[in-house]
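First comes the structure, then the notes that go with it.
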Amino acid sequence: MKQLRQRWMPLLLIAGLGLGAASATAAPESLQDVMKRRGLNPQDLLAAAKTYVPTGKRDEFVVFSSGGQSGQVIVYGIPSMRILKYIGVFTPEPWQGYGFDENSRSVLRQGRIDGRDITWGDTHHPAISETNGEYDGQFLFINDKANPRIAVIDLRDFETKQIVVNPVFKSTHGGAFVTPNTEYIIDAAQYPAPLENRKFHPLEEMNEKYRGGVTYWKFDRKAGRIDPKQSFSIEMPPYWQDLSDFGKGPSDGWSFTNSFCSERYVGGIEKGRPPYEAGCSAKDTDYLHVVNWKKAEQVFKAGKTRKINGHDVIAMDTAVKEGILFLIPEPKSPHGVDVTPDGKFIIVAGKLDTHASVYSFEKIQAAIRAGRFESKDPYGVPVIGMKDALHTQVQLGLGPLHTQYDAKPCVAYTSLYVDSQVAKWDYCAGKVLDKISVHYNIGHLMTMEGDSTKPQGRYLVALNKLAIDRFVPVGPLHPQNHQLIDISNDKMQLLYDMPLPLGEPHYAVAIAANKLKPGVRYKVGTDSRTDRPHPGAVRAGEQRIEKKGNQVTVYGTLIRSHITPETIEVDVGDEVTIHLTNLERAQDETHGFTVSTYNVHASVEPGKTVTVKFKADKEGVYPYYCTEFCSALHLEMMGYLLVKPKGWKPTKVGLAKAHYTEADYRATLKKVADTQAVIDSVVGYITSVNYKDFPDVVAMVEDATDQLGRIPDAKARHEAAAAKKDWEQANLWAEQVWQFQVKAADLGLRAKTYLEQSGARKTR
Ligand code: K7E
Ligand code: CUA
């Protein structure tokens, strides 16, 4: 430190800083100093201490947030609110190669509608797979409202594996929510439309020809995919179905979907009619749809369905006849419907009502069993009286939307959109416990594992629609604002504001971090989008280029810091397919791959095989290279695609020579010997401790051994060249030996650091 100060002193003097100033700033600030300088109060410090995660430490919870209009999923940690990842889902994501390599493009292609690529999504509700009602950390689902689709993300590698298109709806909103054992994922329609594809009916036929409904997507957990053939929908009246939730515990086997605009109002301000917003909120109540999905499943399996667009739909009259579908009035223009963790109650909040309504599952069942219905709706669906189904109603404030649950029994949190508040209340006793203001206009809110049977409490995130004055201005489009709130005490405490600049995240789910067990590498040669061996995978030494007619297929590999092959020669007009396998085993040793101006990109994590494909329709010379800074020689990890014009003949043979001398060769040998000494000392250290207890280190050691194993061949070549006094060849092959050493040493040093930081113990 003293030495450093002495070295910098002349510079400080030149910069015009006197000695006095230098020594004043050199004294470390105390906590009091920092508080004073930054204007922080003790409450701020407490909040900071509750969210700060020191370097080397990790978050307790992981959040999967909808990426809104970005069509992606945002992953961040709690309590730090640090962003960990964006997962490409409905939208191409270049870093992950999503949409720029063939394997991920095949996932995006599943999301085509009417033969059209749809490369954006309006993501709303993520859901984590559950086992016995608890989050199991295996899969994540998320819906696209605009283009009615659901995606499956595997949490073993955080990659999107499947997109399914809803066959009967034109927009969906009430998904994704899962059954307690993830047999089904629900998605409900939003805006009614004719169910038959490409069928026109005028708005005047809204009541007769337009329909809503609910889809139950069957999830095959073993395959890790939705099975569309085992999935079905229930036709519903053209009320605008909205959010949904599945029952659990006593209410397992049932699902709940609310609705708005049960007026079935048709606007048309152009024709002098009052607008949708007026007509759709005229009545005091809308309908909660109560569905016996276990019975619906039997009806579907018994074949009592109608095929619409090739998909099984249980018709409304069948649903009524079989006792599958019931309605209950709910006040007014409701939004959220959330089943309590014990499965006994269903809480509905009406946007235009100040109450939250707590429906009792037991009372609903009693009414159904007794055949006690107050009426039928225009489609013959039995309507249970509101008072026959209500447990209680609690006045919370203006614009209640969504409800989440605490670890403490009976405690719920409801977002108040108009009041910009979160209300903490007791749904058993029916009273408000606390309120906190948020900034501003909260939509969803989320507690830790809050959709499961075992909410973890602790923290709540308010997903606010407006950020207005919270952040440094960045133009008229503001970031979103996720506010972290401590709910572990009686009074809620606001801890942190996080700007999210990637679309409007409608909803988010949080899981205990220790439940996630993602892998760090693939089995060599895996197609990560199908989880199967990739047919284009090769091992070291099997690389080749095949040409059949105008089809050129490259079977290549990637390993620090080398792309095999280094040259790809094709004729203009050839169709080029490049399969690339990353042979690395070391953690985080990802290589990227792109070819200049052909709009392809791949992210090739350890063990993965990825394919890029393009038509070489422009003659010329196109460098390809690795796009991840993967080693000291990353910039050299490149090659050339040569696209030769028609009828091209070589005119010059052999490459330019650099003319190295014997002295150069001797100098390189010296460098090789010095590097070997470094390697020997690192190897000495690693083998002196229990490194075999650390799988990550074992992987690095394997990779390093691979690199060292390639030295004897290069060594034989430089020695043979030296014997013939071909100093050019001798020097270059000696350089190659050094390249292998450098890569091995890099791995060895990383392994050593890892072991030292992980407290490895001496074994000899
Ligand atoms: Cu924006 Cu759940 Cu789609 Cu409410 S939804 S806010
Ligand atoms: Cu591989 Cu850079």
**Asked** What is the set of long-range amide H partners of TYR98 at a cut-off below 5 Å, with H atoms built 1.01 Å from backbone N?
**Response** GLU93
**Amide proton proximity set for GLY71, modelled H, under 5 Å, gap of 5+** = GLY121, THR123
**Euclidean distance between Cα centres, segment 355-385 to segment 544-573, Å** = 67 Å
**Complete:** Free-by-geometry Cys in the chain, Cβ-Cβ under 4.7 Å as pairing rule, reported as CYS626, CYS630
**In segment 512-584, the trypsin sites (Lys or Arg not before Pro) that fall in loop regions by DSSP, at most 13 other Cβ within 10 Å** = LYS523, ARG539
**Complete:** Taking Lys and Arg as +1 and Asp and Glu as -1, residues besides SER688 with C-beta under 11 Å from its C-beta add up to +4
**Three semi-axes of the equivalent ellipsoid, segment 662-757, Cα gyration tensor, whole Å, largest first** = 31, 12, 8
**Message:** Computing the accessible area with a 1.4 Å probe over protein heavy atoms, can you report the carbon and sulfur percentage for segment 361-461?
**Reply:** 51 percent
**Item:** Sites ILE83 and ASP426 - FRET efficiency at Förster radius 30 Å, r taken between beta-carbons, to 0.05
**Value:** 0.30
**Asked** Quick one: with all protein chains in place, what share of the accessible area of segment 526-644 is carbon or sulfur, to the nearest percent (1.4 Å probe)?
**Response** 49 percent
**Asked** Ignoring the sites themselves, what is the longest stretch of the chain with no chymotrypsin sites (Phe, Trp or Tyr not before Pro) in a DSSP loop and at most 14 other beta-carbon atoms within 10 Å?
**Response** 201-470
**Fill in**
From the cross-link list LYS294/LYS321; LYS344/LYS435; LYS145/LYS435; LYS692/LYS762; LYS218/LYS248; LYS229/LYS608, the entries with a Cα-Cα span beyond 22 Å are LYS344/LYS435; LYS145/LYS435; LYS229/LYS608
**Message:** Give me, ordered by chain and number, the residues 5 or more places off SER528 or on other chains with an amide H under 5 Å from its own placed amide H.
**Reply:** THR609
**Fill in**
In terms of the charge dipole of the chain, which places +1 on Lys and Arg and -1 on Asp and Glu at the beta carbon, the residue among THR526, LEU31, ASN441 farthest towards the positive end is THR526
**Item:** Along the chain, longest interval not containing exposed GluC sites (Glu not before Pro), exposed being DSSP loop plus at most 13 other Cβ atoms within 10 Å
**Value:** 197-541
**Complete:** Cα extents of the chain per principal axis, largest first, Å, are 102, 78, 57
**Asked** Given a Förster radius of 30 Å and the C-beta distance between GLN43 and GLN395 as r, what FRET efficiency does 1/(1 + (r/R0)^6) yield to the nearest 0.05?
**Response** 0.50
**Request:** Would you mind getting the accessible area per residue of segment 84-129, heavy atoms of the protein chains only, 1.4 Å probe, in Å²?
**Result:** 41 Å²
**Fill in**
The relative contact order of segment 526-644, taking Cα pairs under 8 Å that sit 6 or more residues apart, comes to a percentage of 27 percent
**Fill in**
Taking only the alpha-carbon positions of segment 526-644 as identical scatterers, the Debye log10 I(q)/I(0) at q = 0.13, 0.18 Å⁻¹ comes out as -0.45, -0.88
**Message:** Taking the alpha-carbon distance from LYS424 and a cut-off under 16 Å, which aspartates and glutamates remain once sequence neighbours fewer than 8 residues away in the same chain are dropped?
**Reply:** ASP338, ASP406, ASP434, ASP486, ASP490
**Request:** Please go through segment 175-264 and write out the trypsin sites (Lys or Arg not before Pro) that DSSP classes as loop and that have at most 13 other C-beta atoms within 10 Å.
**Result:** ARG198, LYS199, LYS222
**Request:** For the chain, calculate the relative contact order in percent as a whole number, restricting contacts to Cα pairs under 8 Å that are 6 or more residues apart.
**Result:** 8 percent
**Request:** Express in whole angstrom the spacing between the alpha-carbon centres of segment 662-701 and segment 97-143.
**Result:** 44 Å
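The values are calculated or read from the model by the stated rules, or taken from the named source; none is laboratory data. Keep in mind the model is a prediction, meaning the values are calculated, not measured. Note that each Cβ is placed from the backbone with ideal geometry, even for glycine, and that neighbours are counted across all protein chains shown. Remember, those area values only see protein heavy atoms, side chains included, never the ligands or the DNA or RNA. Shrake-Rupley method; radii C 1.70, N 1.55, O 1.52, S 1.80 Å.
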